[in-house]
Amino acid sequence: MDETEWISIRSGNHVLMSKIIEGTYPNYRQVIPHHAPELVTFSPDHRTSVIRWLRGLADHVSAVNLSWEKKGHLTLTQRSASDASAVLRVPVEIEGIPPLIAFHPAYLADAFEIGSTLCLSDELSPGICRHPSGRFCVVMPMRVTIATAEAVQPETASAA
């Protein structure tokens, strides 16, 4: 490994390493959605419960589907390859009509660590998790066929 192609930054127990790439850097602003009018906001207590639930699913490769069957409630559904499923229903504040959308559980948990408001536009566009301070995280959806929660009859958990 040619050490002139790498940069590393150490801080405490953390090391950030990056390979230096020559050429024109892509415009990262093109990835950030400029119009995401559908908003879903969690209370701090519910956000923590959702993050913990998502982290429990993070070892699985299947997506977590987000749906909005009941007014003021988000339903998160995850189906495993063996067709077992897990469902979590959480009260949320909703503005607009959010799309049925799916995310990788670990990436969605990481995004919710940043912010409590999920901003969406459609099922194929990136979502943004925003914090009131202005911090945000872009999270890319997974392209999957989403079954509605009414079609799913698993044991259900609720975030309280």
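What follows is calculated from the coordinates using simple rules that are stated; it is not laboratory data. On a predicted model such as this, the values are computed, not experimentally measured, just so you know. Cβ coordinates were reconstructed from backbone atoms using ideal geometry, including for glycine residues, and neighbour counts include every protein chain displayed.
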If Lys and Arg each add +1 and Asp and Glu each add -1, what is the summed charge of the other residues whose beta carbon sits under 13 Å from the beta carbon of P99? -2
Could you list which residues have their amide H under 5 Å from that of I101, counting only those 5 or more apart in sequence or on another chain, with H placed in the peptide plane? L66
For the range 1-131, with equal point scatterers placed on the C-alpha atoms only and solvent neglected, what are the log10 I(q)/I(0) values from the Debye formula at q = 0.17 1/Å, to two decimals? -0.94
Given springs between every Cα pair under 10 Å in a Gaussian network model of the chain, which of A81, A63, A102 has the largest fluctuation? A81
What length, rounded to one decimal in nm, is gained on full extension from E113 through to T48, with 0.36 nm per residue of separation minus their alpha-carbon distance? 22.6 nm
Per-residue Cβ neighbour rank within 10 angstrom, fewest leading, S62, S116, S67: S62, S116, S67
Estimated distance in nm for a label pair at H131 and R29, the labels positioned 7 Å out from Cα along Cα-to-Cβ: 2.3
Run the quick spin-label model on D122 and I20: label points 7 Å from Cα toward the beta carbon, then report their separation in nm to one decimal. 4.2
What is the dipole size for the range 30-158, taken about its Cα centre, with +1 at each Lys and Arg Cβ and -1 at each Asp and Glu Cβ, in debye to the nearest 20? 200
Relative to the Cα centre, what is the charge dipole magnitude of the range 35-97, using +1 at the beta carbon of each Lys and Arg, -1 at the beta carbon of each Asp and Glu, and rounding to the nearest 20 debye? 160
Please give the net charge around E123, taking every other residue with its beta carbon less than 14 angstrom from that of E123, where Lys and Arg add +1 and Asp and Glu add -1. -1
Mean Cβ count within 10 Å, highest first, over the residues of peptides 33-43, 117-127, 11-21: 117-127, 33-43, 11-21
